[in-house]
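Q: The structure follows.
Rule-based calculations on the coordinates, nothing more; no lab input. Remember, it's a predicted structure, so these values are computed and weren't measured experimentally. Cβ placement follows ideal geometry from the backbone for every residue including glycine, while neighbour counts extend to all protein chains displayed.
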Amino acid sequence: MRSLFLSAFFLLFSTTFFLSCNSEGQQKPEVTQKEDTKEGLSTNSTTKTIMCFGNSLTAGYGLEDDASFPSLLQEKINAENLDYKVINAGLSGETSAGGLNRIDWMLRQKIDVFLLELGGNDGLRGLPTDQMEKNLQQILDKVKAKYPSAKIIIAAMEAPPNLGDTYTQSFRAVYKNLAQKNKITYLPFFLEGVAGDPKLNLPDMIHPNEEGQKIVATNIWKTLKPLL
C-alpha cells in the first residue's frame, strides 16, 4: 500500500516539477523563511533553539505560517512548558547544494537541536546520490563544528520510483549512511502516512495540507520529544 501511495505521489510530483521548470525556464525558489527566522537570531539566550532546516515541506508551502509543522511543534512544546523556540528555516526549491550554501548564515543562530530535511528536490532532479550525500555531510559537519553539543535529527525522503530501483536504493541509503556515520537520530520517512493521500495534501499532491502537516508534526514529535 505504501509503495502504491509513493508511486502516485511521485508521479504527480515529477509532472508538476517538470511543468514548472519548463514554464519558467528554471525552478525559482520561493523565499519562505519567516520573519521569526530572522528574529530567532536575537532569541533570549536562556531559551534553547530547535532549527528545522529544509525545503518547501518544512516551509509549509501554500499554508498560513501557523499551519506548518515547525509552528505545530512549537505548540506542542508550549503545551509541555518547555523553554524551546522552533525556527522555521525552510526554503522552497532548496536542494542539498542550496542548503550547503545557506547553512553558514543560519548558523549565526545558536542551535540546540537541528532537524535536517533535505534531498527531496535532488531526487526529483535525479541528481547524483553521492554528491547529495557529500552536501548533506558537509552541512552536518558545519553544524557539529559550530555547536558540538547540538542534537541532530535527519529526516529521510524517498526518490521517485520512475528513476529505477538502483537509484531508489542508493538514494534511500544516503540517509541511513549519514545517520550511522554521524551517530544522529534517524527519521525513516518524513512523509510517512501522508504521501500519496489526497485528503492530506494540497491539490498539487506534493505538499501536505493542514491535516497532513499535523501528521508530520506528530511523527516528528515522537522522535523529537525524547531529545529535549
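Q: Rounded, prolate or oblate: pick one for the stretch 164-227, where a ≥ b ≥ c are the square roots of the eigenvalues of its C-alpha gyration tensor, a/c under 1.5 means rounded, and failing that, prolate if a/b is larger than b/c, else oblate.
A: Note, shape of the stretch 164-227 comes out oblate.
Q: Give me the three principal axis extents of the stretch 85-228 from the C-alpha atoms, as integers in angstrom, largest value leading.
A: 40, 32, 25
Q: Enumerate the calculated ³J(HN,Hα) couplings along the stretch 160-166 in order (Karplus 6.51 cos²θ - 1.76 cosθ + 1.60, θ = phi - 60°), each rounded to whole Hz, writing x wherever the residue is Gly or Pro.
A: x, x, 5, 7, x, 5, 4
Q: Let me ask something else. Stretched out fully, how many nm does the piece from THR46 to LEU202 gain, at 0.36 nm a residue minus the Cα gap?
A: Extra length from THR46 to LEU202 when fully extended: 52.4 nm.
Q: Of the GluC sites (Glu not before Pro) in the stretch 147-211, which ones lie in a loop per DSSP and count no more than 16 other C-beta atoms within 10 Å?
A: GLU192
Q: Something else: Can you compute 3J(HN,Hα) from phi for each residue in the stretch 150-155, using the Karplus curve 6.51 cos²θ - 1.76 cosθ + 1.60 with θ = phi - 60°, rounded to whole Hz and x for Gly and Pro?
A: Working through the residues one at a time gives 5, 8, 10, 10, 10, 9 Hz.
Q: List, in the order given, every pair from LYS151/LYS214; LYS48/LYS134; LYS48/LYS76; LYS144/LYS214 whose Cα-Cα distance in the structure shown is over 21 Å.
A: Violating the 21 Å limit, Cα to Cα: LYS151/LYS214; LYS48/LYS134; LYS144/LYS214.
Q: I'd like the Karplus ³J(HN,Hα) series for the stretch 168-185: coefficients 6.51, -1.76, 1.60, θ = phi - 60°, whole numbers in Hz, and an x wherever there's a Gly or Pro.
A: 4, 5, 5, 4, 4, 5, 4, 5, 5, 4, 5, 4, 6, 4, 9, 6, 10, 6
Q: Could I ask something else about it? Tell me the relative contact order for the stretch 78-152 as a rounded percent, counting alpha carbon contacts under 8 Å between residues six or more apart.
A: 41 percent
Q: Here's another thing I want to ask about it. Restricting to the stretch 96-228, what percent of DSSP beta bridges are antiparallel, rounded to 5?
A: Close to 10 percent.
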